[in-house]
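*Asks:* Structure incoming, see below.
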Amino acid sequence: MPCKIADFLELVHQLEDVTQHDRERWSAFDVGRRTFGYLWPRTATVGLKQPIAEQLALVAERPEVFEVQYTSGAFGWVVCHLDGLERDELAELTFEAWRLTAPAALVEDRAERLPV
């Protein structure tokens with residue numbers, strides 16, 4: 001089944017030390033005071049931090065679902081259209097964005113346990 005905004009919110013809030021900052025048109029998600037994701041309710045899209053190689057692979061494989069948002073250093077942010085994702089795929093992308101951003105101790109404690 002395609003994902004909805006509620007799926008993303010359930011998944012992201014299963015991860016440790018996540019704070020949500022709501023703005024008028026979007027929300028940002030931080031761990032350790034560093035942003036790893038965005039949600040735009042109007043377009044039902046999320047922006048997630050990924051390694052640049054993963055960003056490019058996702059966009060090349062499914063351009064109807066993924067878009068390049070921007071790159072910063074070694075990371076490429078990717079816009080994900082929720083209605084093109086299954087929940088398990090969204091869980092993996094969200095977890096990877098969190099893991100790339102979270103303090104090492106949190107990542108070690110969480111290990112490879114994906115949100116469900």
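*Asks:* Restricting the search to the stretch 1-47, which residues are under 18 Å from Gln69 (Cα atoms) and either charged (D, E, K, R) or touching a His at 6+ places or on another chain (Cβ under 6 Å) (or both)?
*Replies:* Arg25, Ala28, Asp30, Arg34, Arg42, Thr45 - these are the residues of the stretch 1-47 that are under 18 Å from Gln69 (Cα atoms) and either charged (D, E, K, R) or touching a His at 6+ places or on another chain (Cβ under 6 Å) (or both).
*Asks:* What about Val79, is it under 13 Å from the mean Cα position of the chain (by Cα), of a type in the set (Val, Ile, Thr) and open to solvent by 10 Å² or more (accessible area, probe 1.4 Å)? Give the derivation first.
*Replies:* Numbers: under 13 Å from the mean Cα position of the chain (by Cα): yes; of a type in the set (Val, Ile, Thr): yes; open to solvent by 10 Å² or more (accessible area, probe 1.4 Å): yes.
Yes.
The rows are residues; the columns are (1) hydrophobic (A, V, I, L, M, F, W, C); (2) open to solvent by 70 Å² or more (accessible area, probe 1.4 Å).
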{"residue": "Lys4", "(1), (2)": "no, yes"}
{"residue": "Asp17", "(1), (2)": "no, yes"}
{"residue": "Asp22", "(1), (2)": "no, yes"}
{"residue": "Tyr38", "(1), (2)": "no, no"}
{"residue": "Pro41", "(1), (2)": "no, no"}
{"residue": "Gln50", "(1), (2)": "no, no"}
{"residue": "Leu56", "(1), (2)": "yes, yes"}
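*Asks:* Here are Thr71, Thr101: which of them is open to solvent by 70 Å² or more (accessible area, probe 1.4 Å) and not basic (Lys, Arg)?
*Replies:* Working: Thr101 fails: open to solvent by 70 Å² or more (accessible area, probe 1.4 Å).
On inspection, the qualifying residue turns out to be Thr71.
*Asks:* In the stretch 104-116, how many residues are surrounded by 16 or more Cβ atoms within 10 Å (Cβ to Cβ) and charged (D, E, K, R)?
*Replies:* So the count comes out to 1.
*Asks:* OK, next. Can you find a residue that is within 14 Å of Val12 (Cα to Cα) and touching a strand residue (DSSP E or B) at 6+ places or on another chain (Cβ under 6 Å) anywhere in the stretch 59-74? Talk me through it step by step, then tell me what you get.
*Replies:* In the first step, residues of the stretch 59-74 are kept if they are within 14 Å of Val12 (Cα to Cα); the result is none.
Within the stretch 59-74, none of the residues are within 14 Å of Val12 (Cα to Cα) and touching a strand residue (DSSP E or B) at 6+ places or on another chain (Cβ under 6 Å).
*Asks:* Same structure, new question: Looking only at residues in the stretch 24-36 that are over 20 Å from Val78 (Cβ atoms) and of a type outside the set (Gly, Ala, Ser), which one is surrounded by the fewest Cβ atoms within 10 Å (Cβ to Cβ)? Talk me through it step by step, then tell me what you get.
*Replies:* The initial filter retains those residues of the stretch 24-36 that are over 20 Å from Val78 (Cβ atoms), namely 24, 32-33.
When the remaining residues are screened for being of a type outside the set (Gly, Ala, Ser), the result is 24, 33.
Details: Glu24: 4, Arg33: 9.
Checked the stretch 24-36; the qualifying residue surrounded by the fewest Cβ atoms within 10 Å (Cβ to Cβ) is Glu24.
The values are calculated or read from the model by the stated rules, or taken from the named source; none is laboratory data. On a predicted model such as this, the values are computed, not experimentally measured, just so you know. We place every Cβ from the backbone using ideal geometry, glycine too, and count neighbours over all the protein chains shown. Accessible surface areas use protein heavy atoms only, side chains included; no ligands, DNA or RNA. Shrake-Rupley method; radii C 1.70, N 1.55, O 1.52, S 1.80 Å.
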